[in-house]
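Here is the structure we will look at.
The values are calculated or read from the model by the stated rules, or taken from the named source; none is laboratory data. These numbers were taken from a predicted model, which means no experiment stands behind them. Virtual Cβ from ideal backbone geometry, glycine too; neighbours counted across all protein chains shown.
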Amino acid sequence: MCKFWNNLFRRNKKSETTEENLMKKFLIVGLGNIGLEYANTRHNIGFKILDFLAESQDVIFEPNRLGDVARFKIKGRTFILLKPSTYMNLSGKSVLYWLTKEKVPLENLLIVTDDLNLPFGSLRLKIKGSDGGHNGLKDIQDKLNTTKYNRFRFGISNEFNKGRQIDYVLGEWTKEEVNNLKERLEKSSELIKSYALAGINNTMNAFNGK
């Protein structure tokens, strides 16, 4: 009888440890389009932020299934950075695959994307929301079958003439924007790290609108 209870205790302890470890894993997904022609466009800010974060942690992205992946740890938290290789409109396929493969809880998923409705460089972290007409978010919502996933929106402003939205989004940053990007990328990296280390509510209070 003692042996039975000891084995049961060990199994329960192992299960608790596994669940605890999974809660310390975070999937950070930057949205963008693959290819050099898109590298410096506004729509690819998700890729750009993750590239900056990976470089700051001295890790590199490696090609993998449905995306390029990089990993690092801070204070016991595992950061899995993903840049989908499916093109923007099919981002959900890559997100769902890696979320499932790594067994990352949905609440530990963070999507990094551009937002036309925010001034350039403005940061906004949200727990849920609509796709706002963003095709990448729309596909993620469809594949996950929920709008309740964390997203970090980076403002790219809406300084375009009527009917020129696609050209603007897929256009490159202005010289003035480029000059201000580095500081914004640093701030964005700090936001992502805070999200995993301090929690989303504390991070929203500290970074939203900054």
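Only one of these is surrounded by 14 or more Cβ atoms within 10 Å (Cβ to Cβ), modelled with pLDDT under 95 and over 21 Å from Leu53 (Cβ atoms): Gly163, Gly171, Gly136. Name it.
None of the other options fit; the residue is Gly171.
The residues on offer are Thr86, Thr113, and the sole one that is of a type in the set (Val, Ile, Thr), in contact with a strand residue (DSSP E or B) (Cβ under 9 Å, 6 or more places away or on another chain), farther than 22 Å from Ser188 by Cα and not in a helix (DSSP H, G or I) is Thr86. When the residues of segment 72-94 are filtered to those that are free of Cβ contacts under 8 Å to residues at least 40 places away in the same chain and in contact with a helix residue (DSSP H, G or I) (Cβ under 9 Å, 6 or more places away or on another chain), the one that is nearest to Gly136 (Cα to Cα) is Thr86.
Listed here are the residues, each with its yes/no results for (1) over 14 Å from Gly30 (Cβ atoms); (2) of a type in the set (Gly, Ala, Ser).
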| position | (1), (2) |
| --- | --- |
| Phe52 | no, no |
| Lys73 | yes, no |
| Leu82 | no, no |
| Met88 | no, no |
| Gly121 | yes, yes |
| Leu125 | yes, no |
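Scanning segment 86-104 for residues that are surrounded by fewer than 19 Cβ atoms within 10 Å (Cβ to Cβ), of a type in the set (S, T, N, Q) and either within 12 Å of the chain's Cα centre (by Cα) or more than 17 Å from Leu170 (Cα to Cα) (or both) yields a single hit, Thr100. Does Lys93 satisfy the condition of being touching a Lys or Arg at 6+ places or on another chain (Cβ under 7 Å), within 16 Å of Leu31 (Cα to Cα), of a type in the set (D, E, K, R) and not in a loop (DSSP other than H, G, I, E, B)? Yes.
Taken across segment 9-18, residues that are farther than 22 Å from Lys103 by Cβ and either at pLDDT below 70 or surrounded by fewer than 22 Cβ atoms within 10 Å (Cβ to Cβ) (or both) do occur, with at least one present.
Please identify the pairs in which a residue from segment 185-210 that is touching a residue at least 40 places away in the same chain (Cβ under 8 Å) has its Cβ atom under 7 Å from the Cβ atom of a residue that is of a type in the set (Phe, Trp, Tyr) and in a helix (DSSP H, G or I), counting only partners at least 6 apart or on another chain. Sorted first by the residue in segment 185-210, then by its partner, the pairs are Leu185/Phe52; Ser189/Phe52; Leu191/Phe207; Thr203/Tyr195. Against the list (1) modelled with pLDDT under 95; (2) assigned to a loop (DSSP other than H, G, I, E, B), the condition Val59 fails is (1).
State whether the residues of segment 105-113 include one that is crowded, with 21+ Cβ neighbours inside 10 Å and over 19 Å from Asn208 (Cβ atoms). Taking every residue of segment 105-113 in turn, at least one turns out to be crowded, with 21+ Cβ neighbours inside 10 Å and over 19 Å from Asn208 (Cβ atoms).
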